[in-house]
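First up is the structure itself, then whatever we jot down about it.
The values are calculated or read from the model by the stated rules, or taken from the named source; none is laboratory data. Everything numeric in this text was worked out from a predicted model, so none of it was measured. Methodologically, a virtual Cβ is constructed for each residue, glycine included, from the backbone with ideal geometry; neighbour enumeration extends over all protein chains shown.
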Amino acid sequence: MDFRVNESGRRVQPGMAAFMALLVAPAILYPEAARALEFTVYRMQQYTLQGQPHGCRNSLVHAESRTLEADLLTRRCVIMRLADFTLERYREVLGQSAGAMLMLVPQNSSEALQDQNFMEEEMELLTNETMLPIYFALENKDLLTVYEESKAVSKSLRSSSALEVIYGMIMGSGFQMVAGEAQSKPISDSVIVTLEGSLLGQGEAEELPTVVIVAHYDSFGAAPWLSFGADSNGSGVAALLELMRLFHGLYRDSRSRPRYNLLFALTGGGKFNYQGSKRWLEEHLDRAETSLFHDNVAFVMCLDTLANGDSLHLHASKPPKEGTAQWDFMAALQEVMNSPPFQGVNFSMVHKKINLGDELLGWEHEQYSLRRIPAFTISHLDSHRHGLKNSILDRRKQSETRTWQQSFFLLFQVRPDQLQVFQGEQEVQELRLAAILDWLVLQPRAAQLIHKDHPLLSTMEYLLGSYLANVKRHVFKADEREPEFVFYDQLKQTMTSYRVKPAVFDLFVALVIAAYLGIVHQAIQSFSQMYSRFIQVILKPKIK
């Protein structure tokens, strides 16, 4: 092996210079390459309902970041702000075979609710399954920096100047986005839990008509971990719990106890075709004569999305017949609507037939209507297709409770100046409603996240036990052979963003290093000859 001797007398291997150059060059050319940003991301829904897969089937991400400003998105992680989302842009991302998509969600509720475009088109994300890994993250300063720098790189690659494009391809800084250590798989112990309790009327319970009050407690949105469901259906749950408290005070005194049974139910799986109601109803109908559902159900009233707006709509699968309890309820409600101070409230009955060809039912009462049980849903929404019913933007606003007392007076079918029973401690308490709703939205309530030992269920069961009798918990599992629903894991991940240069930059660096090493190598190999010639030039005049 050829060695040279430096001035200090130490031997130097020619390849050592190349080795040192390889070590030093990356630190000089992109010193921030080792920096990494870690942040929490939430994967889009993945589930199977009635054998039909929905949502995102891939949880692995390893791609360089780009924004919508780039012409080429193939195998890139597309970062998009929620306000920029449209179905056309989403289809463009899919059409270009992007590697992943990261959507930045505003942390401020008022800012988020301004993105009505996303709310209305959110369900389109879940219409069909996709292999594209789709994640959501809450905006913060660091993530916005990543977004802006990725946007600058994407714009530079679209410049009209060829020199700027080449410069951007070589010198532009990007981010390598990495998430997921394992592919998603089904959750083996998925369950849906329904809670029930009752208040028995004056007389023989089996002979009295029963009014059933139902609300589903789970929420839904594009990302389970971001689904807090303040209006849909935190408001329905809060309304049921308040009704339960008020009627408990009425039923505990034999002198004011009505000749009606009240059956309350908090159902699970409401966002999955109301599986909790379906299975709970089937279980009741399969029982012997001990069930309050046998023979004499006056009607089932489902509470859904009550916290917003100045409207109240009664949704029914078919118009109630005159003389029935359901007709009397609606007539009394209409009478109250025509009296002060409710004359400004928009009230209507919305008649929607059940389409057996649809995969999903529109409202919870339809599960009961299919069994020929009179039922309806009360909501401030005039359509089940409203984006607010299934959105990660359904968050808590302080203004939500301003019309609740009005809604409760309407449900009680009495005017405030005629209230005699529900007074003092027994009147509707807006602060209590607000506190219940605040508690409900402290945690995401997506069905995938609520296991049978979840604190939410324990607390609601405790509340029911404080005011109702015969409180029971019904735990439903999917059928092993033909499961009605299948949930999947890997819904919450840590994504890492590494600052990197483009692949072309690596080639450019390799060429620069190769040229540098070639020059150094050639200089070392020719050093003896160059030194001899130098000596000859210096000493030649002296020799003469």
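Give the number of residues within the stretch 343-370 that are part of a loop (DSSP other than H, G, I, E, B) and closer than 17 Å to residue 213 by Cβ.
The number of residues fulfilling the criteria is 2.
Select from the stretch 495-544 the residues that are of a type in the set (Val, Ile, Thr) and touching a strand residue (DSSP E or B) at 6+ places or on another chain (Cβ under 7 Å) and write down the one among them that is modelled with the highest pLDDT.
The qualifying residue modelled with the highest pLDDT is 496.
Among (1) at pLDDT below 90; (2) buried (at least 20 other Cβ atoms within 10 Å of the Cβ), where does residue 121 come up short?
(2)
Identify all residues within the stretch 198-210 that are within 26 Å of residue 463 (Cβ to Cβ) and surrounded by fewer than 22 Cβ atoms within 10 Å (Cβ to Cβ); write none if there are none.
Those that are within 26 Å of residue 463 (Cβ to Cβ) and surrounded by fewer than 22 Cβ atoms within 10 Å (Cβ to Cβ): 198, 200, 201, 202, 205, 208, 209.
If the Cβ limit is 7 Å and pairs must be 6+ apart or interchain, which residue in the stretch 431-445 that is without any contact (Cβ under 8 Å) to a residue 60 or more places away in the chain pairs with which residue that is charged (D, E, K, R)?
Every condition considered, the pairs that remain are 438/396.
For the stretch 171-209, which residues satisfy the criterion of being of a type in the set (D, E, K, R) and in a loop (DSSP other than H, G, I, E, B)?
181, 185, 189, 204
Any residue at all in the stretch 130-141 that's assigned by TED's automatic domain parsing to the domain that holds residue 103, in contact (Cβ under 8 Å) with a residue 24 or more places away in the chain and part of a helix (DSSP H, G or I)?
No; the residues of the stretch 130-141 include none that is assigned by TED's automatic domain parsing to the domain that holds residue 103, in contact (Cβ under 8 Å) with a residue 24 or more places away in the chain and part of a helix (DSSP H, G or I).
Since residue 303 meets every condition but one in (1) under 27 Å from the mean Cα position of the chain (by Cα); (2) within 15 Å of residue 368 (Cα to Cα); (3) surrounded by fewer than 22 Cβ atoms within 10 Å (Cβ to Cβ), which condition does it not meet?
Among (1) under 27 Å from the mean Cα position of the chain (by Cα); (2) within 15 Å of residue 368 (Cα to Cα); (3) surrounded by fewer than 22 Cβ atoms within 10 Å (Cβ to Cβ), residue 303 violates only (3).
Mind listing whichever residues of the stretch 436-488 are farther than 22 Å from residue 235 by Cβ and of a type in the set (Ser, Thr, Tyr)?
488
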